[in-house]
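The next block holds one structure in the form of structure tokens; read it before the comments.
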Amino acid sequence: MSRRIAVPVEVYRGQITDLTRECLIAARLVARDEDEVVAYVFGEIPDHGNSALQLADRVVTLENGQVSQPVALAQAKLLCSKLDRKDTELVLVGSSSWGLDVGPLVAAFWGVPLVANCQGLERRQASLWATCRICAGKLLVDVEVGAQTAVVLLLPGSFLRKEVTPRATQPVMEKESVSSQEWDARVRFQRWIEPQREDVDITQAEILVAVGRGIERQENLEVAEELAEVLGGVVCGSRPVVDQGWLPPTRQVGKSGMIVKPKLYLAMGISGAPEHVEGMKDAELIVAINRDERAPIFHVAHYGIVADLFDVIPALKEALVARRQEA
């Protein structure tokens, strides 16, 4: 029997998020031949947004003057009214600040299970299984999604590097008008309030030199800054460094900081707590330097150096400068 996998589309500042594309990749991977992957856009599709929606079989835009406002209560109610629960197997939502509002509301309105902290989704014979993080990421559990309908919250980076076969045809585009009676106007969006960025955006940096407790004192940050300059990168840090006031909050990597995916992540004196690893595990290349050979950071690093970072950094900097002069 044909079932629907619904993916609510998150739009932030006029752009469809990367996490929405991950949800579409996950939907495509678990969809059977007879299933339909449907993307639901609140408001008009943003400029250059069609490419992000190519993995869907159908794209439905829900349009009127208010629908694009990021009001989770109203959007969740609207989505529930437009979907037929009996025909919907999954609602796949990204585990962002927006998705963490919308997903649980949809599950509550329908009275269906919510599968949170999901980092893997696959079909095993006739059943759908989710791999989820619990205990702040220290444990992974496999959960059978046995309900007729369920809402799944997908963690960022879970399907970033998964590949799916491109669809042979373009998705079917549909528009649905939303009446004022269908929109719950009790909560209104006023404006975006964000911290002023007087600093670099580490989420856009290709090379990050990250420091943790092993840097010992604020004065030693100069060593990391010098290495970052030679590498053409940016210095960032774990939460303890930021809590000490040695780096601004805009430089914090981790669950309570920034999620980064640089080409190179050089972790120096960072133990590798799950909260930190969650923010950098998807870097293309992770190199860790730590005196403790049992430090958890070595479990996620591609290369590890068991040594004092104050011995390694000067030698590394010297080698990089010498190579640059030779070139």
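Scanning region 61-71 for residues that are free of Cβ contacts under 8 Å to residues at least 60 places away in the same chain and surrounded by 18 or more Cβ atoms within 10 Å (Cβ to Cβ) yields one hit, Ser68.
Per-residue answers, yes or no, for (1) in the same structural domain as Gly304 (by TED's automatic domain parsing); (2) closer than 23 Å to Val306 by Cβ; (3) at pLDDT 95 or above:
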| residue | (1), (2), (3) |
| --- | --- |
| Val209 | yes, yes, yes |
| Glu219 | yes, no, no |
| Glu226 | yes, yes, no |
| Gly232 | yes, no, no |
| Ser256 | yes, no, no |
| Met280 | yes, yes, no |
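In the set Gly157, Gly111, which member is small (Gly, Ala, Ser), out of contact with any helix residue (DSSP H, G or I) (no Cβ under 7 Å at 6 or more places or on another chain), exposed (fewer than 15 other Cβ atoms within 10 Å of the Cβ) and on the phi > 0 side of the Ramachandran plot?
Gly111
Counting only strands (runs of 3 or more DSSP E) wholly contained in region 1-77, the ones carrying 3 or more residues that are closer than 20 Å to Ala130 by Cβ occupy 4-8.
With respect to the conditions (1) touching a strand residue (DSSP E or B) at 6+ places or on another chain (Cβ under 8 Å); (2) farther than 21 Å from Ala150 by Cβ, Asp47 falls short on a single one, namely (1). Test Lys77 against the stated conditions and say whether it is surrounded by fewer than 15 Cβ atoms within 10 Å (Cβ to Cβ) and either among the aliphatic types (A, V, I, L, M) or in the same structural domain as Val11 (by TED's automatic domain parsing) (or both). Against the criterion (surrounded by fewer than 15 Cβ atoms within 10 Å (Cβ to Cβ) and either among the aliphatic types (A, V, I, L, M) or in the same structural domain as Val11 (by TED's automatic domain parsing) (or both)), Lys77 does not qualify.
Annotation note: of Val230, Val223, Val200, Val187, the sole residue that is β-branched (Val, Ile, Thr), more than 23 Å from the chain's Cα centre (by Cα) and loosely packed, with under 15 Cβ neighbours inside 10 Å is Val187.
Quick grid of which residues meet (1) under 21 Å from the mean Cα position of the chain (by Cα); (2) buried (at least 21 other Cβ atoms within 10 Å of the Cβ):
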{"site": "Arg13", "(1), (2)": "yes, no"}
{"site": "Ser81", "(1), (2)": "no, no"}
{"site": "Val91", "(1), (2)": "yes, yes"}
{"site": "Leu100", "(1), (2)": "yes, no"}
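The values are calculated or read from the model by the stated rules, or taken from the named source; none is laboratory data. Owing to the predicted nature of the structure, the values given are computational and were not obtained by experimental measurement. Every residue, glycine as well, gets a Cβ built from its backbone with ideal geometry; the counts of neighbours run over all protein chains shown.
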